Each structure stands twice: as C-alpha cells, then as structure tokens.
Amino acid sequence: LAALIAGGLPLTSQGGRFVQTSAPPGVINLGLGQPSPGLLPLAEIGRAAQAQLAGGGDPLVLQYGAVLGDPEFRGSLARWLSDAYGHPVAAEQLMVTAGTSSALSFVSQTFAAPGATVVSEDPTYFLANGVFQSAGLSVRGVPIDEHGLDLVALERLLASGVRPAFVYVIPAYQNPTGACLQPERARELVALADRHDFLIVADEPYVALRYDDSAPFGSMMRHDEGRARVLSLGSFSKLLGPGLRLGWAHAEPKLIERLSLHGTLRSGGCFNPVIANIVHHTIDSGFLTAHVEQLRAVFGARASALTAALREHVPSARFEPPRGGYFCWVGLDESIDSEALLDRATDLRFIPGRRCAVERALASFVRLSFSFYEEHELVEGVRRLARLIS
Ligand SMILES: Cc1ncc(COP(=O)(O)O)c(C=O)c1O
C-alpha cells in the first residue's frame, strides 16, 4: 500500500468554485474538519428536494418563514434529537439557525453588549474567537483537561472580578481535544452560572458522532433542568453537509424568545426555510438516522487507523484516542514548535496547537482531523508527520 501511495495512488482532493478550503492533489491536509466528498449525500438531498418541492409542494415555503422555523420541522427535529441525545427535547425549545457560526454571532449580539467578556475553553475551536471578536467581545481562556473545563480555574477567574456575558464550551468530543465534559462538572458549571449570573453557550455539533458503545452523551441542556442557563447550538454541517447552512438553537423557551426578537429575524423571517424543508424529509424518511450510523462506523474506523499509525510511527506522541467527533489532539515532543514544523511541510497540513490556544502556550501540540481522508490516507499522513519530525 505504501508503495502504491508513493507511486501516485490518488489522494482525496477537493478544489474549484464551491469550496472554502481546497485540498490540492498530492497534499494531505489533516487540518480539514469537514466530511470527505464521498460522505456528502447529494443524491439523497436531491431526492428530498424533489419530494418536498416538486409538483404539489406548498409555494408558501418560499415565503418569509415563521420566525422560529416551521413548527412541523421543529417537531421532527425534536423527536430526532431526543433519540440522538437520549433525553427529551421539546419543539418549543428549538429555533432554526443558519448553522453554528452564524448562530454564535447572533447569540453574541443578543446576550452580550459590545465590549463584554466571553470565557472560553483553552484550547478551543480556533475560528470561534473570530466570531466573538467581530461582535466586539473580548475572550478570556480557562484551561480544559480530559474531563472538560477546569472549574477551579474558572472560579479563580470569576473571583478575580471577570464577569463573563457567557461561557462558551464544546461539551461533547471537543474541538480540538476530543474531551467530554464530565456530568458532575456540567452540573457544577450550571450551578456556577446561576450563582454568578452568566449564560452557558454550548456548541454541540458532534454529540451524535460517538465511536464507542457508551450511552448517548446527550446535550448540555440535560443539565439545565429548566433554569434557562444553557443555550445549546447544534448543526447539520458535520452530519449532512456544511453547505446546507442549517442548524438549531436549543434552550428554555424564554431564551429562544429573546433570540427571536433579533432585528434580522423580525425583518427576514426564519433562517433557510427551503433548506429546512428539504432536511425535514431526510429526518422523516429515516435517512438521517441511517446516515449518522454510517458516519459513526466510517469515522470510528478512521480514528482507529489514525491512532494506530501514530503509535507505530510517532511513538513519543501523547494523545487520548478519540471517542467521537472529528479530531485527535496530539502532544509532540516539547522541544517541537508545531508552527515551525508546518512551515517546513510541503506535502502535509495540520492545525498547529497555538492556533487553538486562547491564553495557554500549546506550541508543541497539533490538531489532526480524521473526517476528510480515508484510512490509508490517514496512515500516509502520519508517516509524513513522522518524517517531518525526524
Ligand atoms: C465546535 C465547532 N463549532 C462550530 C463549527 C462550525 O459550525 P457551522 O458549520 O454549523 O457553522 C465547527 C466546525 O468545525 C466546530 O467544530
């Protein structure tokens, strides 16, 4: 297989007018946190569009949509989420969004005044900070360990006088570390939010993507228990395709109502009613459930291939095998600066740890994504990493 790859077995690539980030032929880009092209269900989206929109469809789907989204779609989504999360979700707790990036901006404008502070896990999703900064917010970091946010460090920051408008967390299979927030810590975080009067914004695109036999991890909302301290954001990007630009906000109705008063919604109606209508069909037909099952099998096998290759080719690497999500967070030898390493790479890309850091020094870490490449390509990517290091 190595000989075949060296001899030019084509690697998964993407480019052209539709994509934000290209993966040029010959380069393995382990920075790409997106599904591989072969996992994007275009034919099914086409069938769903045909079923919903062609002959006999209701033309009012092209009208300005009901502010929170079609109640029937929200009902189907609530049933699907209840199953995927393993705890009840009510339609009244849901609002349709245009995906999490846009929802984070929307939430920032609704729940934080310009100049306010947001506290985020450190390291965190490296593009979230930009969304907060665009909303005029400043970001403080609190370390995350293998059990999630370090609450002792958070309490210290609160005691120092920092008053966050919200605390931004990725509780399930965190980007970049893969860590899951322990239930006891999640409950304690909600209690802290109550005591110090802040909101918890939980970014949860990976909850359904778990690769072990554990019970569903569930949403941060299961720990809210009606206190209206948690606002959870979900997305179809990692499940069906980022180009749909569709997701949901999930919170107590009084928080959802505050979001619904945003000027953008009052002027433009709900987000993406046509796409929601198409995705509705993939839920009701059972396709989404079957597709997520397939993703769990494929991504689980890819995660195993990546970690086996790391053990073999980079034996000094420190990492927790991913139990879900898209990423493996890898500690290299402490003398290595992963940004400098990346500068020298010609046939490999990855996200250097420093890009994910808020306040910590994480220069010797790398974030490797296993969602975009097939198993043999991931193995080859790790070989290239090993060569680069040596
Ligand atoms: C934690 C996290 N939040 C949000 C996003 C982006 O979400 P969306 O595509 O719904 O805007 C990503 C994508 O990598 C992510 O990992």
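The values are calculated or read from the model by the stated rules, or taken from the named source; none is laboratory data. Just so we're clear, the structure is a prediction, and the values are computed from it rather than from any experiment. No Cβ is skipped: glycine too gets one built from the backbone with ideal geometry, and neighbour counts run over all protein chains shown. Ligands, DNA and RNA are excluded from the accessible area calculation, which covers all protein heavy atoms including side chains. Shrake-Rupley method; radii C 1.70, N 1.55, O 1.52, S 1.80 Å.
Of the residues ALA66, ALA51, ALA112, ALA116, which is touching a His at 6+ places or on another chain (Cβ under 6 Å), more than 16 Å from the ligand (Cβ to nearest atom) and touching a residue at least 40 places away in the same chain (Cβ under 8 Å)?
One residue alone meets the criteria, ALA51.
Considering (1) over 16 Å from LEU233 (Cα atoms); (2) open to solvent by 50 Å² or more (accessible area, probe 1.4 Å), say which one GLY161 fails and leave the rest.
Result: GLY161 passes all but (2).
Only helices (runs of 4 or more DSSP H) wholly contained in region 221-285 count here; list those with 2 or more residues that are open to solvent by 40 Å² or more (accessible area, probe 1.4 Å) and among the charged types (D, E, K, R).
253-260
Could you tell me whether ALA153 is away from the ligand (no atom under 16 Å from the Cβ), on the phi < 0 side of the Ramachandran plot and in contact (Cβ under 8 Å) with a residue 40 or more places away in the chain?
No; evaluated as a whole, the condition is false for this residue.
Contact list please: Cβ distance under 6 Å, first residue in region 300-318 and outside any helix (DSSP H, G or I), second residue open to solvent by 20 Å² or more (accessible area, probe 1.4 Å) and not small (Gly, Ala, Ser), pairs at least six apart or on different chains.
Close Cβ pairs satisfying both conditions: SER316/ASP333.
Starting from region 18-46, take each residue that is over 13 Å from LEU239 (Cα atoms) and within 14 Å of the ligand (Cβ to nearest atom) and list its partners that are aromatic (Phe, Trp, Tyr) and open to solvent by less than 20 Å² (accessible area, probe 1.4 Å), counting only C-beta distances under 7 angstrom and pairs at least six apart or across chains.
LEU30/PHE350; GLY31/PHE350; LEU32/PHE372
Among the candidates ALA363, ALA340, single out the residue that is free of Cβ contacts under 8 Å to residues at least 40 places away in the same chain and within 23 Å of the chain's Cα centre (by Cα).
Exactly one residue qualifies, and that residue is ALA363.
State which residue is surrounded by the fewest Cβ atoms within 10 Å (Cβ to Cβ) when the search covers only region 70-91 and only residues that are in a helix (DSSP H, G or I) and in contact with a Lys or Arg (Cβ under 8 Å, 6 or more places away or on another chain).
Restricting to residues being in a helix (DSSP H, G or I) and in contact with a Lys or Arg (Cβ under 8 Å, 6 or more places away or on another chain), the top hit is ALA91.
Listed here are the residues, each with its yes/no results for (1) open to solvent by 30 Å² or more (accessible area, probe 1.4 Å); (2) touching a helix residue (DSSP H, G or I) at 6+ places or on another chain (Cβ under 7 Å); (3) within 12 Å of the ligand (Cβ to nearest atom).
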{"residue": "THR100", "(1), (2), (3)": "no, no, yes"}
{"residue": "GLU121", "(1), (2), (3)": "no, no, yes"}
{"residue": "SER134", "(1), (2), (3)": "yes, yes, no"}
{"residue": "GLY148", "(1), (2), (3)": "no, yes, no"}
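Go through region 199-216 and give me each residue that's away from the ligand (no atom under 14 Å from the Cβ) and either part of a loop (DSSP other than H, G, I, E, B) or under 23 Å from VAL118 (Cβ atoms) (or both).
Result: LEU199, ILE200, TYR211, ASP212, ASP213, SER214, ALA215, PRO216.
Given the criteria buried (at least 21 other Cβ atoms within 10 Å of the Cβ) and within 16 Å of the ligand (Cβ to nearest atom), does VAL139 qualify?
No; evaluated as a whole, the condition is false for this residue.
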